[in-house]
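Coordinate-derived values only; no laboratory data. Owing to the predicted nature of the structure, the values given are computational and were not obtained by experimental measurement. We place every Cβ from the backbone using ideal geometry, glycine too, and count neighbours over all the protein chains shown.
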Amino acid sequence: MTRNFSLGIETQTRTEKLERIADELLTLNKIERFDYSILSRHKMGLNRFGPAASGAGLQSTSAAGGGSVSAAAPQAAKEKTAFDLKLEKFDASAKLKVIKEIRAFTDLGLKEAKDLVEKAPVVVKKGMPKDEAEKIVEKLKEVGATVVLE
């Protein structure tokens, strides 16, 4: 049983694909890179504390990409362990305090945090454990922000 593979063409195509992906990653700004790093860890079944307890593992690109509502339904039945923190709105007088709080739990610089806050409603941090997310929600509500966990 012999197999004929054209490794030269396949390797070249893979290399071109990887170079294209690397070029696209280099064009991202700091916030987009941060979101991408969270997304890639999530897709690989990792979280901040190591492998995910849910055992989600690697997902196919078709399921991870534009998954349908029916594909998301079984996951919704499970107890949610990771939450997204969404800044809905904030008092104009509390803008500086909200920016300071956002910077306290993200690694964003002043300009990136300011831009993020001004985009409200926006997801500020993704894939957080519930207890950590609730603490941050309390802090943000104290300074005058409206925040929800998704």
query: Once the Cβ-Cβ distance between residue 123 and residue 19 is put in as r, and R0 is 25 Å, what FRET efficiency do you end up with, to the nearest 0.05?
result: 0.25
task: Would you kindly derive the ³J(HN,Hα) couplings of region 87-101 from the backbone phi angles with the Karplus curve 6.51 cos²θ - 1.76 cosθ + 1.60 (θ = phi - 60°), listing them in order in whole Hz, with x for Gly and Pro?
output: 7, 7, 7, 7, 6, 4, 6, 9, 4, 4, 5, 5, 4, 4, 5
message: So if each residue of separation counts as 0.36 nm, and I subtract the Cα-Cα distance between residue 146 and residue 44, what length gain in nm does that give?
response: 33.6 nm
field: Residue pairs, from the table 17/119; 89/130; 100/130; 30/97; 97/130, whose Cα atoms sit over 29 Å apart
entry: 17/119
